[in-house]
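Read through the structure below, which is laid out as C-alpha cells, and then see the notes.
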C-alpha cells in the first residue's frame, strides 16, 4: 500500500509539472514524464519477487508451468511494455512511431509463443 | 401278471431316472457355472481383471459387493488421474486469468494475446483430448471382445430356458449394432470430434460466427447419430424381443403340460425339465451378473477419467469467465464439450451392451 501511495503521488506531481512545462519547454515536460514513468516502474520492480514466488510455487506443483504458463507471463510483460512505450510516443504526438512499437510488440509476442505453437502442431500431427 | 410286471418295471425305471437326474444335475450345474465364468474372466482385459478382483463375488450373485470391490480397486488410479487433470485445468485457468489482466490494461494488444492464449490452452488440452480419445476407443474394443464372449453364453442359457427366438434376437441385435457403432465411431465420429476441436480453435482465433455455427452443427450431428442408433436398437429389441419372449414362454408351458400328460414317467420328465430350466435360469442369472460386473470393471475407470476431464475443464472455463477472460473462457468451455462427446460415444456402446445383457437375463422369466 505504501508503494501504491508513493506511485500515485509521484504520478500526480509529474503530470502537474508536465502540464506547467508543456507550453514553455515541451521537451523538458517529456523528460519529466519519462523520468516519472521510470521511477514508477522501478518501484513496481520491488513487487516482482512476490510474483516470482507465486510462479515458483505453481511450477513446483504444476508440471507444465514452464512450458505453457511461462510464455504467457513473458507475453503479458511484452504487452504491458509495448503499451507503455506506445502511449509515451503518442504523448509526444508520434503516432507512426507508436504504431511501429506496437508492431514490434506483436512480433515479440508471437516469437515468445512459438514453442506453444510448435507443441500444438506436434499434437495435431500425432492425432492425424 | 403282465400288469404287475409292467408296474414294477415302470417304478424301477422312474426311480432310476430320478436318481440319475439327482446325481447329474449338481455336476451339470457346477460345470455350467464354472466354464462360462472362466471364459468371461479370461475375456476381460488385464486392467479390468485387476479392477474386478475376485470374480467369485459376482458368481455368488452379490452384485453390490462385486461393485464395491471394483470401486475399491479403481479408487487409487482414479484419484491419481483426478490430480493430473486438475493440474492441467489450473493451467487453463491461469492462462485465462493472465489474459483477463492483460486485456484490461492493453486493449490494443489483447488480440495478439488471444492467439498466444489459444495456443497455450490448446497445448494444455489437446494432448489430454487425444489420450482420452485413445481411452474411449480402447473401451469400445474391450467391450466388443467381452460381449462376443458374454452374449453367446447368455443366449445359450436363454435357449435352454426356451427363449429360442428371443436369444437369437438379442444376440443378433447387440452384435450387429455393436459392430456398426464401433465402425461409425472409429471411422466417422472420431475425426468429427477432432474437426469440432479444430473449428472451436479457429473460432477463438478469428471470431467468425460461421465457424462457430459449423462446430455446433458437428456437435449436434454426433449427438443425434448416437441417439438414432440407440433408439433403433432398443426399438428393435422392444418390438422383436418382447413378442419372441412371450411366444417361447407359452411354448415352454405347453411342453410342460404335454409332458405331464404322459402316464407314470410323464411326471418325472416334467419335473426334470423344470429342474433343468430352473438350473439354466440360475446359471444364466449368475453368468448375467458376472457379465454385468465384467462390463462395469471395463468401463467404470475410463468413465471416471472422461467425467473428471469434462467436469474439471468445465469448472476452469466457468471460473475463467468470472475473471473476464472472454474468448479464452469460451474456448475452454467448447473444448470441454469435446470430452463429453467422447463420453457419450462410450456410454452409447456400454448402454447398448447392458440393455442386451438385461434383455437376455430377463428373457428367462418370459418378460
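Filtered by the rule that a residue be exposed (fewer than 15 other Cβ atoms within 10 Å of the Cβ), touching a helix residue (DSSP H, G or I) at 6+ places or on another chain (Cβ under 9 Å) and part of a loop (DSSP other than H, G, I, E, B), the stretch A:43-93 gives A:46, A:47, A:63. Could you grab me the full set of residues in the stretch A:16-25 that are under 23 Å from residue A:86 (Cβ atoms) and either modelled with pLDDT of 90 or more or exposed (fewer than 13 other Cβ atoms within 10 Å of the Cβ) (or both)? Result: A:19, single match.
Taking (1) surrounded by 16 or more Cβ atoms within 10 Å (Cβ to Cβ); (2) farther than 20 Å from residue B:106 by Cβ; (3) more than 7 Å from chain B (Cβ to nearest Cβ) in turn, residue A:101 satisfies each apart from (2). Every condition in (1) at pLDDT 85 or above; (2) facing another protein chain (nearest Cβ under 7 Å); (3) surrounded by fewer than 17 Cβ atoms within 10 Å (Cβ to Cβ) holds for residue B:120 except the one numbered (3).
Restricting attention to the stretch B:329-343, which residues are under 19 Å from residue B:302 (Cα atoms) and either buried (at least 21 other Cβ atoms within 10 Å of the Cβ) or at pLDDT 90 or above (or both)? Hits for the stretch B:329-343 are B:335, B:336, B:338, B:339, B:341, B:342.
Selection of the stretch B:94-116 for residues being over 28 Å from residue A:95 (Cβ atoms) and either at the interface with chain A (Cβ under 9 Å from one of its Cβ atoms) or surrounded by 24 or more Cβ atoms within 10 Å (Cβ to Cβ) (or both) yields B:94, B:95, B:96, B:98. Flag set for residue B:130, criterion: at the interface with another protein chain (Cβ under 8 Å from one of its Cβ atoms), part of a helix (DSSP H, G or I) and either out of contact with any helix residue (DSSP H, G or I) (no Cβ under 6 Å at 6 or more places or on another chain) or closer than 30 Å to residue B:45 by Cβ (or both). Here the helices (runs of 4 or more DSSP H) wholly within the stretch B:1-105 that include at least 2 residues being modelled with pLDDT of 75 or more and in contact with a helix residue (DSSP H, G or I) (Cβ under 6 Å, 6 or more places away or on another chain) are B:46-52, B:63-105.
The values are calculated or read from the model by the stated rules, or taken from the named source; none is laboratory data. Small disclaimer: the values here were computed from a predicted structure and weren't measured. Backbone-built Cβ (ideal geometry, glycine too); neighbour counts: all protein chains shown.
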